[in-house]
Amino acid sequence: MAHHTIPTRVYYTIFFTLMVLTGLTVWVAFQDLGAWNDVVALSIATLKATLVILYFMHVRYSSKLTHAFIVAGFLFLVILLAITMSDYLTRDTLIAPKAWDLM
Amino acid sequence: MANHHHALQHHFEDLEQQFESASLGMWAFLITEILFFGGLFAGYLVYRSLYPEAFAVGSYKLDVLLGGVNTVVLICSSLTMALAVYWAHKGERTKIVVFLFLTIVLGAAFLGIKAVEYTHKFHAGLAPGNAFSYDGPFADQVRIFYSFYFSMTGMHALHMVIGIGLLTYLIIRARQGAYTAEYSTPVEMIGLYWHFVDIVWIYLFPLLYLIGRS
């Protein structure tokens with residue numbers, strides 16, 4: 001079978017790392033880093049998610065086709081978030097006339 | 001070898017190809033789930049960027065301890081799920097059932113804690129709708145934060161409930177001896193789903209509970 005059986009100690013190591021990162025994200029939330037609080041929180045969350053995907057979900061040992069599917073999926077998530085926010089975050093900086101001004 | 005394994009469907013060459021196909025299909029489904037939750041996250045980001053102070057006020061009313069405990073509970077359940085898949089690969093029936101059962105117990109504990117939190121928020125008048133009675137600063141925008149809180153955690157909890165149902169099915173089939181060292185694909189696929197639900201919570205916890213704490 002193609003199943004790559006990962007030794008259980010890998011699972012325990014990942015589990016322990018996830019626990020440490022959970023503690024870290026709570027601790028850092030109470031430190032005043034200004035705008036960096038969000039960046040750090042999302043970076044830690046993304047690191048945790050990556051560990052779960054690679055090891056618990058065995059993606060590190062999956063086929064290249066599966067990798068392509070997953071990367072494409074996350075690419076579309078990034079497009080969804082980036083294009084939405086590129087609109088909302090720049091509304092005050094663009095000087096295009098608003099629709100109701102033209103009427 | 002294995003050319004007539006009872007689990008092999010006739011349109012596949014062998015169990016390996018069948019597993020690849022199942023895995024790819026499961027990921028295609030999970031990608032639709034990622035984009036489904038992505039829509040909720042995009043809505044959250046838009047309103048958070050419009051009303052950062054109100055979101056901080058709303059978030060401050062959530063219980064970090066209960067949210068943190070639930071994060072730990074869910075990560076533990078991911079570990080037990082991963083171990084269930086591990087023993088499924090080895091075809092150890094008893095251990096599959098034990099770890100699936102532990103996963104259900106941890107999932108139920110998560111939902112129990114969530115129910116305690118929801119009850120508290122309803123009694124505090126923070127549930128959006130007619131019963132919303134918070135009248136501190138940014139009341140209308142705090143209501144938006146709680147709309148996101150209930151819809152995102154509610155949709156996550158619904159996925160947990162479905163996951164527990166799927167795990168129950170796995171236990172029944174595992175006890176019947178359906179999963180062996182040669183064939184344990186359903187355990188692995190439902191495992192992928194369970195880990196995905198864990199990942200959603202990994203993002204929900206900091207975005208809902210941990211903003212505006214410093």
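The numbers here are math on the coordinates, done by the rules we state, and not lab data. Here the structure is a predicted model, which is why all the values come from computation and not from measurement. Ideal geometry is used to build each Cβ from the backbone, glycine not excepted, and the neighbour counts take in all protein chains shown.
What residue among B:VAL187, B:VAL46, B:VAL73 has the largest mean-square fluctuation in a Gaussian network model of chain B, using Cα springs under 10 Å?
Answer for the Gaussian network model of chain B: B:VAL46.
Between A:LYS64 and B:THR32, what FRET efficiency follows from the Cβ-Cβ distance if R0 is 30 Å, with the result rounded to 0.05? Spell out each step's value before the answer.
Numbers: r = 21 Å, r/R0 = 0.71.
Efficiency, from the Cβ-Cβ distance: 0.90.
Pick from A:ALA45, A:ALA82, A:ALA29: which residue has the top mean-square fluctuation in a GNM of chain A where Cα pairs under 10 Å get a spring?
Among A:ALA45, A:ALA82, A:ALA29, the largest mean-square fluctuation in the Gaussian network model of chain A belongs to A:ALA82.
What is the helix-to-structure angle for A:64-88, meaning the angle in degrees between its Cα long axis and the longest Cα principal axis of chain A, kept from 0 to 90 and rounded to the nearest 10?
Computed tilt is about 30 degrees.
What trypsin sites (Lys or Arg not before Pro) in region B:87-190 are in a loop by DSSP, with at most 10 other Cβ atoms within 10 Å of the Cβ?
On the way: sites: B:LYS90, B:ARG93, B:LYS95, B:LYS114, B:LYS121, B:ARG143, B:ARG173, B:ARG175; in loops: none.
Passing both the DSSP loop test and the Cβ count: no residue.
Rounding to the nearest 20 debye, state how big the charge dipole of region B:1-152 is about its Cα centre with +1 on each Lys and Arg Cβ and -1 on each Asp and Glu Cβ.
Details: 8 positive and 11 negative charges, 88 e Å.
I would put it at about 420 debye.
Taking all pairs of different Cα atoms in region B:75-117, averaging 1/r and flipping that mean, what Kirkwood radius in angstroms comes out? Present the calculation step by step, with values, prior to reporting the outcome.
Values: mean 1/r = 0.0945 Å⁻¹.
Final number for the Kirkwood radius of region B:75-117 is 10.6 Å.
Select from B:ALA88, B:ALA115, B:ALA127 the residue whose mean-square fluctuation is largest in a Gaussian network model of chain B (Cα-Cα springs shorter than 10 Å).
B:ALA115
Shape call for region B:59-146 from the C-alpha gyration tensor, a ≥ b ≥ c root eigenvalues: rounded (a/c under 1.5), prolate (a/b greater than b/c) or oblate? Don't jump to the answer; show the numbers that get you there.
Details: a/c = 4.22, a/b = 3.52, b/c = 1.20.
Prolate, because a/c is 1.5 or more and a/b exceeds b/c.
Could you give the dipole magnitude of chain A about its Cα centre, charging the beta-carbon of Lys and Arg +1 and that of Asp and Glu -1, in debye to the nearest 20?
Working: 6 positive and 5 negative charges, 111 e Å.
In debye, rounded to 20, chain A gives about 540.
Quick check on the exposure proxy: order B:TRP87, B:TRP194 from fewest to most C-beta atoms within 10 angstrom.
Details: B:TRP87 22, B:TRP194 28.
By the 10 Å Cβ count, ascending: B:TRP87, B:TRP194.
Exposure proxy check: B:GLU182, B:GLU188, B:GLU13 ranked by fewest other beta carbons within 10 Å? Numbers along the way, then the final one.
Values: B:GLU182 16, B:GLU188 20, B:GLU13 9.
Ascending number of Cβ neighbours within 10 Å: B:GLU13, B:GLU182, B:GLU188.
When the Kirkwood radius is taken over all Cα pairs of region B:4-125, what Stokes-Einstein diffusion coefficient follows at 20 °C and 1.002 mPa s, in µm²/s? The partial results should precede the final answer.
Details: Rh = 18.3 Å.
D = 117 µm²/s.
May I ask you to list, by number, the DSSP H helices of chain B whose Cα span along the axis is at least 15 Å and whose average Kyte-Doolittle hydropathy reaches -0.5 or more? Intermediate values should be presented prior to the final figure.
Details: long enough: B:15-50 (52 Å, 0.86); B:64-90 (39 Å, 1.40); B:93-123 (45 Å, 1.03); B:139-175 (53 Å, 0.83); B:185-204 (29 Å, 1.06).
TM-like helix candidates: B:15-50, B:64-90, B:93-123, B:139-175, B:185-204.
Compute the distribution of all C-alpha to C-alpha distances in region A:1-62, in bins of 10 Å from 0, and list the percent of pairs in each, rounded to whole numbers.
Going out from 0 Å in 10 Å bins, region A:1-62 shows 21, 42, 23, 11, 3, 0 percent.
Between B:ALA131, B:HIS195, B:ALA109, whose Cα lies farthest towards the positive end of the dipole of chain B when Lys and Arg beta carbons carry +1 and Asp and Glu beta carbons carry -1, centred on the Cα centre?
B:ALA131
In debye, nearest 20, what is the charge dipole magnitude of the protein assembly as shown about its Cα centre with +1 on Lys and Arg Cβ and -1 on Asp and Glu Cβ, if you could check?
Working: 17 positive and 19 negative charges, 113 e Å.
For the protein assembly as shown, the charge dipole is close to 540 debye.
Going by C-beta contacts inside 10 Å, put A:THR66, A:THR93, B:THR94 in order with the fewest on the left.
Details: A:THR66 19, A:THR93 6, B:THR94 10.
In increasing order of surrounding Cβ atoms, one gets A:THR93, B:THR94, A:THR66.
Just in region A:4-103: which trypsin sites (Lys or Arg not before Pro) are loop by DSSP and have at most 11 other Cβ atoms within 10 Å?
Numbers: sites: A:ARG9, A:LYS48, A:ARG60, A:LYS64, A:ARG91, A:LYS98; in loops: A:ARG91, A:LYS98.
Sites meeting the loop and neighbour criteria: A:ARG91, A:LYS98.
Please give the average number of partner chain Cβ atoms lying within 10 Å of the Cβ of each residue in B:202-214, rounded to a whole number. Don't skip to the end; give the middle numbers.
Details: counts 12, 6, 1, 7, 13, 4, 0, 3, 9, 4, 2, 8, 8.
Per residue, the average neighbour count from other chains is 6.
Based only on the alpha carbon positions, what is the Kirkwood hydrodynamic radius of region B:15-209, in angstrom?
Numbers: mean 1/r = 0.0554 Å⁻¹.
When all Cα pairs of region B:15-209 are included, the Kirkwood radius is 18.1 Å.
Take the Cα pairs of the protein assembly as shown, get the Kirkwood Rh, then feed it into Stokes-Einstein at 4 °C and 1.567 mPa s and tell me D in µm²/s. Spell out each step's value before the answer.
Details: Rh = 21.2 Å.
Using the Kirkwood radius from Cα pairs, D works out to 61 µm²/s.
Would you mind checking the tilt of helix A:36-51 against the longest principal axis of the Cα atoms of chain A, expressed as 0 to 90 degrees and rounded to 10?
Computed tilt is about 40 degrees.
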